[in-house]
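Down below is the structure, laid out as structure tokens.
The values are calculated or read from the model by the stated rules, or taken from the named source; none is laboratory data. The structure presented is a predicted model; accordingly, all values stated were derived computationally and were not measured. Please note: Cβ atoms are built from the backbone with ideal geometry, for glycine as well, and neighbour counts cover all protein chains shown. The area values use the complete protein model at the heavy-atom level, side chains included, leaving out ligands, DNA and RNA. Shrake-Rupley method; radii C 1.70, N 1.55, O 1.52, S 1.80 Å.
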There are 2 protein chains.
Amino acid sequence: MTYRAPVADIAFALKHAAGLKAALTEGLYGDLDEATVDSVLEEAGKFASDVIAPLNAVGDKFGTPFKDGNVTTPPGWKAAYTAWAAAGWNGLASPADFGGQELPHAVNAACIEMWNAASMAFGIGPVLTMAAVDALHAYGSDHLKQTYLEKLISGEWMGTMQLTEPQAGSDVGALRTKAERAPDGSYRITGSKIFITYGEHDLTDNIIHFVLARLPDAPAGTKGISLFLVPKFMPDGSRNDVRAHSLEHKMGIHASPTCTMVYGDKGGATGWLIGEEHKGMLCMFTMMNRARLAVGLQGVAIADRALQQAWAYARDRKQMGKAIIDYPDVKRMLLTMRSLTGAARAISYATGVALDRSIRAKDPAAREKALARCSLLTPVAKAFSTDIGIEVASLGVQVHGGMGFIEETGAAQHYRDARIAAIYEGTNGIQAIDLVTRKVPLEGGNTVRLYMNELRDIVTAVQASNNPAFGETAARLNEAIDSLERATQWLLSQKTSETTLAGATPYLRLFGTAAGGCMLAEQALIALRENDDSASRTALARFFAENIAVQATGLERNVTEGAQSITDAEAALA
Amino acid sequence: MTYRAPVADIAFALKHAAGLKAALTEGLYGDLDEATVDSVLEEAGKFASDVIAPLNAVGDKFGTPFKDGNVTTPPGWKAAYTAWAAAGWNGLASPADFGGQELPHAVNAACIEMWNAASMAFGIGPVLTMAAVDALHAYGSDHLKQTYLEKLISGEWMGTMQLTEPQAGSDVGALRTKAERAPDGSYRITGSKIFITYGEHDLTDNIIHFVLARLPDAPAGTKGISLFLVPKFMPDGSRNDVRAHSLEHKMGIHASPTCTMVYGDKGGATGWLIGEEHKGMLCMFTMMNRARLAVGLQGVAIADRALQQAWAYARDRKQMGKAIIDYPDVKRMLLTMRSLTGAARAISYATGVALDRSIRAKDPAAREKALARCSLLTPVAKAFSTDIGIEVASLGVQVHGGMGFIEETGAAQHYRDARIAAIYEGTNGIQAIDLVTRKVPLEGGNTVRLYMNELRDIVTAVQASNNPAFGETAARLNEAIDSLERATQWLLSQKTSETTLAGATPYLRLFGTAAGGCMLAEQALIALRENDDSASRTALARFFAENIAVQATGLERNVTEGAQSITDAEAALA
């Protein structure tokens, strides 16, 4: 079973619940029209399905052999990457001044989902290049931009993001890689990095590393970190003093080379500062929303791929005279998979539209409001989507029965691949803490309150529709929003403490559950209005409301009542 | 990080909440005393930790190469297996008349947990031999018993269970392997089987296959299936006409050879009937409680191993100046892992004690009552434990951050290994359907009602203890039992239908949640009374009640209110 991009579903989710259509109508994207968006999605779907998807199993099996400092990507990967970049996909949302197409980030989000559903190991590489482009465009000197941006945007060269060191994972401030000022204005970088995705490979002729390092006179912690651009090959064609030392042997995304990088075997790699000295984290934060959204989309992607595979199997596989899709317990699994995937997709695309508004809205106040919305939703898009990615991939294995455990079937690869997305680009625990400590308190809580009011409006519209096909959708979603509101109020009324942090993860899940349920309901409302696959969308919204949104009260209690049992549990943690 | 069997915890769980101590006191096991049980567990713990556990990573890496019909087990495996069998572990609970030690199944359950925590791929082999012993002892002719039982009980030979064929997975009745009567009273078996665990290997000189097949004049479906004993080597030393054709390439338990078996290349393998013709399923059902409990114990086992590994990492790993175990979000993960593991262990051991009572109680009415209890709890022990095995192993990866995704760390292997236990020996969906359609209605619902009353008694005792360390334990557990009672009553009041089947999986989870929470609370009560690690046990029971048992209302609603949205969802399943 291979992947077919569900282009119609993706386009619907993007335009409606996520709000791209409204943004197009109000002119946020200039003269871009819906037909163009449709044809972009259509083409992306074809490329993902026809060219990338067949590489996924090959990549898993072949991996990325490493020899004498060189990485060999799996058969067919270089040709596919080259064709992908040549078709302009890498620069889809990148600035036009250096050759990008400057299409909506929201549309790019949908495409990122498709690349990653086709192959997570393929899709993660460009995500990092795009993040590098963002940093360079926002903070790079004109000279650096002239030298590197065009090729990074076209995809002729790829970029890497290098933060992690053995002692500095979630604690970025603990990093030790050194940068020293050279007389010519460049810097000499020495040290090493771990877990560097696509740190070395043969897809492109050059690789541009974006490296966090510390100057000799830097303050301690995150306030003493600077960002440097370090090319594998220097502008004169000579090799820079940076190399991949070894590759990790990972559970999944085998075709994505994860490297330990070494800087300064020969005295120091040459790098150039991006932004100001000691202000590297500022550059990182700019990119963070985008990179985190992209990883959330990996969660959506792997969920959708696992879903497609399980669906096809459940339709084919007969037991006791009927296809297993006709058994209620299998139906529950498939509907759980489908509704969670749809919910995560809707949240992620809405984050993409908010990101676009935060950049493109004419009114600075509107930009600021959109930035707050984007900042609020980003940790949810990242963590909720990647958590459900794992759950959906696990259900996908289960639907297959014994065949799910056999590698050749493919379901197992999704289960293995999915696991990393909850970890990298900030673990989901870090996302939850970010949501609770920084995002919920935005604008004194008004950002989140406004969002919850919008969710409530959707439910009111469901109620007003008086459509019996919704069953108890409105009642269950209202209860979920009640829970979210009470949990939010509780968080806002507390000082950040062990107690609030203990509830961060269930709070994020509660947020994603309430939001996702409402967005599925909104999609159903629009489908009813537009007579577009409405029976299916209504059934899905109802399933989510009656079977998944009902977890809300338990999650609320985890947040508001469960923490004391954690902070009091020293004896059970000894 | 290797595995150390938590012998004290295991002994406590076995004796107290599971009820082994009471059974010992009332003489269920003759003159067996607690000290003997303790020393058996102690020795098993040593063997599991010292001899088997170090093989686990080796087995994962080496797998079981297959060449010319022969399987090579990983380095060290044969020596370990031989020593394990020589120490008498294989026959621990087997009948004494053929050399077994006839110790309690409950004690064997604790040992099975330890073998499987040390290595799931190692532990699953003997589980199948033990099941084969059960079948042969209960239904075999004297001649077959004389020929095979002693060596199967000593472990000199291993046994296999062969049900599955490509078209016959959960639908055993669809199997096609043929058996034809031979003039000498034996049978000729032809056909093939898939997914046969330890179908071929080099651990023992002979392998005794227990094979389901169909006679030419057999009725259709499960009523036409007979059970045959088919040795790899015949009593005269000649090779029987059965061979492994190929091995599966699996996501986990790499060191457990999963074979496709072919019967009858040369006209038919020689087999002997066990039990009566066409009554093979009866023999299977006898073993099923035991084999399913054993797989449930694999869930407990892999959870405990993942927990130990994550715990050690969380204590060592420092971020921002302190060990990550000191961060509330990590605490939540570790407490979730620990309390789910403890809950599943308690349920599984209680099932083992019920199994013993169903065999050993003097009064036939007591045996029958115990059999009903054992039958009720078995699907919960199997499915709840293996579901949480997956969840705990996944949290174990998450606690490790990026290191969890690297194979060398070991956390990833647990995540891969854990996945199969929810599938084999009857998928967890099948378990849930068994619970809802056959077990809950036992004795007109009295079996489950009596059990729920016992749970309620535990909560009453928690309340009566007036111990503030319990927090809201009693209130939350009472609510969970309320939910379980209402959901049970709802099920009993319905005819089996699409609607009841749609709620089977959440009902089983609700059952396990209420039962597990109460059993942890009972352990805490006993610990308080006996002053045995009571602070830790109370904290754990409280965490479970306040953070996990609160999912009960959502699960109840899945059962009683969620089904209609599934049966009505045709459009979303098209």
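Just a few scattered comments:
- Filtered residue count, the range A:161-177, keeping only those that are in a loop (DSSP other than H, G, I, E, B), open to solvent by 10 Å² or more (accessible area, probe 1.4 Å) and more than 10 Å from chain B (Cβ to nearest Cβ): 2
- Against the criterion of being of a type in the set (A, V, I, L, M, F, W, C), open to solvent by less than 10 Å² (accessible area, probe 1.4 Å) and farther than 22 Å from residue A:565 by Cα, residue A:515 qualifies.
- Residues of the range A:307-362 classified as surrounded by fewer than 24 Cβ atoms within 10 Å (Cβ to Cβ), within 14 Å of another protein chain (Cβ to nearest Cβ) and among the small types (Gly, Ala, Ser), total: 4
- Filter result (under 19 Å from residue A:183 (Cα atoms) and either assigned to a loop (DSSP other than H, G, I, E, B) or within 14 Å of chain B (Cβ to nearest Cβ) (or both)) within the range A:241-276: A:241, A:264, A:266, A:267, A:268, A:275, A:276
- Options A:437, A:447; residue that is outside the structural domain of residue A:16 (by TED's automatic domain parsing) and in contact with a Lys or Arg (Cβ under 7 Å, 6 or more places away or on another chain): A:447
- Unmet criterion (only one of (1) under 21 Å from residue B:389 (Cβ atoms); (2) within 11 Å of chain A (Cβ to nearest Cβ)) for residue B:500: (1)
- Filtered residues of the range A:205-240 (kept if within 26 Å of residue A:81 (Cα to Cα) and either outside the structural domain of residue A:192 (by TED's automatic domain parsing) or part of a loop (DSSP other than H, G, I, E, B) (or both)): A:205, A:206, A:232, A:234, A:235, A:236, A:237, A:238, A:240
- Within the range B:178-199, the residues that satisfy the criterion of being surrounded by fewer than 24 Cβ atoms within 10 Å (Cβ to Cβ) and more than 11 Å from every other protein chain (Cβ to nearest Cβ) are B:178, B:180, B:181, B:182, B:183, B:184, B:185, B:186, B:188, B:190, B:191, B:192.
- Residues within the range B:530-560 that are open to solvent by 40 Å² or more (accessible area, probe 1.4 Å), at negative phi and among the acidic types (Asp, Glu), tallied: 2
- Selected residue [on the phi > 0 side of the Ramachandran plot and either modelled with pLDDT of 95 or more or of a type in the set (D, E, K, R) (or both)] from A:91, A:76, A:59: A:76
- Condition check for residue A:409: in the same structural domain as residue A:315 (by TED's automatic domain parsing) and out of contact with any Cys (no Cβ under 6 Å at 6 or more places or on another chain): yes
- Residue match in the range A:344-354 (condition: more than 30 Å from residue B:169 (Cβ to Cβ) and free of Cβ contacts under 8 Å to residues at least 60 places away in the same chain): yes
- Residue in the range A:542-557 that is of a type in the set (Ser, Thr, Tyr) and either part of a loop (DSSP other than H, G, I, E, B) or farther than 23 Å from residue B:563 by Cβ (or both) present: no
- Restricting attention to the range A:387-435, the residues that are facing chain B (nearest Cβ under 8 Å) and more than 22 Å from the chain's Cα centre (by Cα) total 9.
- Total residues in the range A:535-566, condition more than 7 Å from chain B (Cβ to nearest Cβ) and touching a residue at least 24 places away in the same chain (Cβ under 8 Å): 12
- Qualifying residue in the range A:270-277 (condition: out of contact with any helix residue (DSSP H, G or I) (no Cβ under 9 Å at 6 or more places or on another chain), surrounded by fewer than 24 Cβ atoms within 10 Å (Cβ to Cβ), β-branched (Val, Ile, Thr) and at pLDDT 95 or above): yes
- Selected residue (only one of A:563, A:527, A:571 is surrounded by fewer than 24 Cβ atoms within 10 Å (Cβ to Cβ), at pLDDT below 95 and of a type in the set (A, V, I, L, M)): A:571
- Residue match in the range B:368-379 (condition: closer than 17 Å to residue B:29 by Cα and surrounded by fewer than 21 Cβ atoms within 10 Å (Cβ to Cβ)): yes
- Contact map, the range B:28-57: first residue in contact (Cβ under 8 Å) with a residue 24 or more places away in the chain, second residue of a type in the set (S, T, N, Q), Cβ cut-off under 6 Å, separation 6 or more or different chains; pairs are B:52/B:119; B:53/B:2; B:55/B:119; B:56/B:119.
- Checking residue B:241 against (1) farther than 20 Å from residue B:169 by Cβ; (2) open to solvent by less than 10 Å² (accessible area, probe 1.4 Å); (3) in contact with a Lys or Arg (Cβ under 6 Å, 6 or more places away or on another chain), the condition it does not meet: (2)
- Failed criterion for residue A:490 (all others in (1) within 29 Å of residue B:568 (Cα to Cα); (2) more than 8 Å from every other protein chain (Cβ to nearest Cβ) hold): (1)
- The residue list B:124, B:112 contains one member that is at pLDDT 95 or above, crowded, with 23+ Cβ neighbours inside 10 Å, under 15 Å from the mean Cα position of the chain (by Cα) and within 14 Å of chain A (Cβ to nearest Cβ), which is B:124.
- Residue match in the range B:200-219 (condition: within 14 Å of another protein chain (Cβ to nearest Cβ) and open to solvent by less than 20 Å² (accessible area, probe 1.4 Å)): no
- Residues that are open to solvent by 50 Å² or more (accessible area, probe 1.4 Å) and within 27 Å of the chain's Cα centre (by Cα), drawn from the range B:493-504: B:496
- Criterion: closer than 24 Å to residue B:564 by Cβ and without any contact (Cβ under 8 Å) to a residue 12 or more places away in the chain - qualifying residue of A:453, A:478, A:466: A:466
- Counting only residues that are part of a helix (DSSP H, G or I), within 22 Å of residue B:186 (Cβ to Cβ) and not charged (D, E, K, R), the range B:111-160 holds 14 of them.
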